[in-house]
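Encoded as structure tokens, the structure appears first; notes follow it.
The values are calculated or read from the model by the stated rules, or taken from the named source; none is laboratory data. Remember, predicted model here, so these are calculated numbers, not experimental data. Methodologically, a virtual Cβ is constructed for each residue, glycine included, from the backbone with ideal geometry; neighbour enumeration extends over all protein chains shown. Accessible surface areas use protein heavy atoms only, side chains included; no ligands, DNA or RNA. Shrake-Rupley method; radii C 1.70, N 1.55, O 1.52, S 1.80 Å.
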Amino acid sequence: MFNNKIKNICCIGAGYVGGPTMAVFANHCLNIKITVSDINEKRINAWNDSDISNLPIYEPGLDTLISRSRNKNLFFTTNIKESIAEADLIFLSVNTPTKSKGIGAGKASDLKWVEASARQIAKFSRGHTIVVEKSTLPVRTAKTIEKILSESQEIDENQEKKTFSVLSNPEFLSEGNAINDLERPDRVLIGGEDQSAINLLVDLYLNWVPREKIILTNIWSSELSKLTANAFLAQRISSINAISSLCEATGADIKQVSKAIGMDTRIGNKFLLPGPGFGGSCFQKDILNLVYLCEYYNLHEVAAYWEGVININNWQKDRIFKLIVIKLFGTVFEKKLAILGFSFKANTNDTRNSASIQICKNLIEEGAILSIYDPKVGSNQIDEDLNLPFHKTNSKKNMQWTKTDSIQSAIKDCHAIIILTEWDEFQKIQWESLIKKMKRPAWIFDTRSVVDVSKAEQAGFNVWQIGNYTS
Ligand code: UDX
Ligand code: ADP
């Protein structure tokens with residue numbers, strides 16, 4: 001039986017995709033009840049916390065949207081059974097990290113959470129349910145979901161046969177800018193075959209997205225477009241990062257090069273900022289998915305081409321770590337270094353695949369003592385990410401790194417400041433007041449081009465800035 005109107009939406013997964021996406025849906029679809037469900041009770045409690053500053057995700061503008069709709073038409077719950085049962089449409093927004101072991105380890109996505117969710121849907125749904133994949137998934141996942149659902153078709157409580165339509169509707173939001181991306185998407189992509197299900201999903205988006213921005217494709221194109229978009233974006237960053245190293249060697253200035261190439265309308269001026277290497281939950285995972293897919297189809301040259309994007313990214317992190325050590329007279333042993341920024345980019349508390357993790361680990365390995373400051377990342381998260389041996393029991397843990405609450409306390413007695421995330425407040429630092437509290441010679445390593453080099457040099461700092469020639 002087909003619904004002629006969506007009244008209840010369930011989103012499985014209350015993470016960086018599910019939370020903000022459903023907040024925007026709830027603000028535009030006032031007559032629809034939206035329930036976001038997750039197995040992680042702590043996370044759900046945080047979404048329901050009466051103190052809005054305790055939301056589990058930091059995303060500019062999210063708190064306002066949540067305050068407006070929470071417990072009106074937007075609900076957060078661990079009661080997955082009930083939210084699936086009452087849903088006409090279910091968004092799947094569960095995590096799909098790269099597999100760490102087994103077949104395809106290091107490349108393929110781990111689909112165990114997707115499969116578990118599909119089985120829950122098969123078990124608890126009623127009547128006809130539209131299942132929409134939102135998580136970044138390898139190509140062909142919709143078919144897997146469809147198979148699980150269609151082969152476990154049962155009779156529901158009303159003695160009706162359960163039926164399903166599976167659509168792909170990949171998310172293109174960029175963290176830190178998620179609300180804007182969701183409110184004003186460049187495009188909404190919907191892949192699938194069931195026209196009536198597609199129409200219902202299109203109708204939801206038409207509440208705020210212009211019709212011409214909604215693209216309909218077959219399911220394979222939709223899934224592959226997501227992987228390809230992320231691979232192209234990541235490729236741009238590896239390209240500019242590769243050129244940044246050449247600028248440093250030759251005397252060219254990466255900012256001038258970026259501007260010059262970005263003015264070519266065929267290239268465009270976005271996504272040309274050099275950095276310590278891309279992070280986040282998507283780029284690496286999606287390229288690895290692409291590589292895995294190409295290898296599966298014996299397209300080894302294509303696989304190697306895309307793998308090169310990741311190789312450059314890893315090399316960028318490694319070369320930055322090494323040059324810091326070299327500039328600090330070849331050793332950082334027992335030297336105190338300030339790390340400014342731990343999240344993978346500004347305006348998010350997400351640290352997944354952050355370049356900071358590898359760079360900090362390598363510096364600690366060399367014997368450095370880090371004082372880490374990030375406006376939104378807490379010490380538990382840093383502890384988990386650095387995952388140092390014996391970190392729980394080793395009384396020397398605090399010798400390896402500490403988390404500080406301000407830039408001022410992070411830099412005290414440090415030999416160097418290493419800027420790894422482009423948080424706004426790092427661009428406003430008054431360098432002359434900081435240098436007095438540091439060991440001399442004092443260094444700044446600016447991997448995000450946020451420092452006014454001449455001002456910092458005037459204050460007495462030695463400055464290394466990404467993509468800038470230094471003798
Ligand atoms: C990305 C895609 O942009 C988004 O469309 C997709 O849905 C998910 O993956 P996200 O990972 O949230 O989004 O952030 P993004 O802004 O793309 O940044 C990814 C990484 O690239 C960050 O580490 C960022 O610092 C880095 N980056 C980005 C650069 O180093 N230079 C740039 O010019 C842009
Ligand atoms: P993303 O960035 O893709 O949103 P996150 O890891 O932030 O990834 O969020 C995914 C969420 O999905 C997590 O909070 C996780 O607990 C949740 N999740 C995973 N499997 C299930 C499941 N079977 N049922 C409900 N929630 C799930």
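Of Gly279, Gly262, Gly275, all but one fail to be within 16 Å of ligand 2 (Cβ to nearest atom) and either of a type in the set (A, V, I, L, M) or modelled with pLDDT of 95 or more (or both); the exception is Gly279.
Picking from residues in the stretch 192-234 that are buried (at least 20 other Cβ atoms within 10 Å of the Cβ) and of a type outside the set (A, V, I, L, M, F, W, C), the one that is farthest from ligand 2 (Cβ to nearest atom) is Gly192. State yes or no: is Glu59 touching a residue at least 12 places away in the same chain (Cβ under 8 Å) and either aromatic (Phe, Trp, Tyr) or crowded, with 18+ Cβ neighbours inside 10 Å (or both)? When the stated conditions are applied, Glu59 passes them. The set of residues in the stretch 361-382 being under 19 Å from the mean Cα position of the chain (by Cα) and either among the charged types (D, E, K, R) or under 23 Å from Phe329 (Cβ atoms) (or both) consists of Asp374, Lys376. Between Ser125, Ser135, Ser50, the distinction of being within 30 Å of Tyr297 (Cβ to Cβ) and small (Gly, Ala, Ser) belongs to Ser135 only. Which ones in the stretch 86-106 are touching a strand residue (DSSP E or B) at 6+ places or on another chain (Cβ under 9 Å) and either under 18 Å from Val17 (Cβ atoms) or within 16 Å of ligand 2 (Cβ to nearest atom) (or both)? Glu86, Ala87, Leu89, Ile90, Phe91, Leu92, Ser93, Val94, Thr96, Pro97, Thr98, Lys99, listed by residue number. Selection of strands (runs of 3 or more DSSP E) fully inside the stretch 84-189 by the criterion of at least 2 residues being open to solvent by 20 Å² or more (accessible area, probe 1.4 Å) returns 163-168.
Going by the conditions given, is Gln256 more than 16 Å from ligand 2 (Cβ to nearest atom) and among the polar types (S, T, N, Q)? Full working, then the answer.
On the way: more than 16 Å from ligand 2 (Cβ to nearest atom): yes; among the polar types (S, T, N, Q): yes.
Against the criterion (more than 16 Å from ligand 2 (Cβ to nearest atom) and among the polar types (S, T, N, Q)), Gln256 qualifies.
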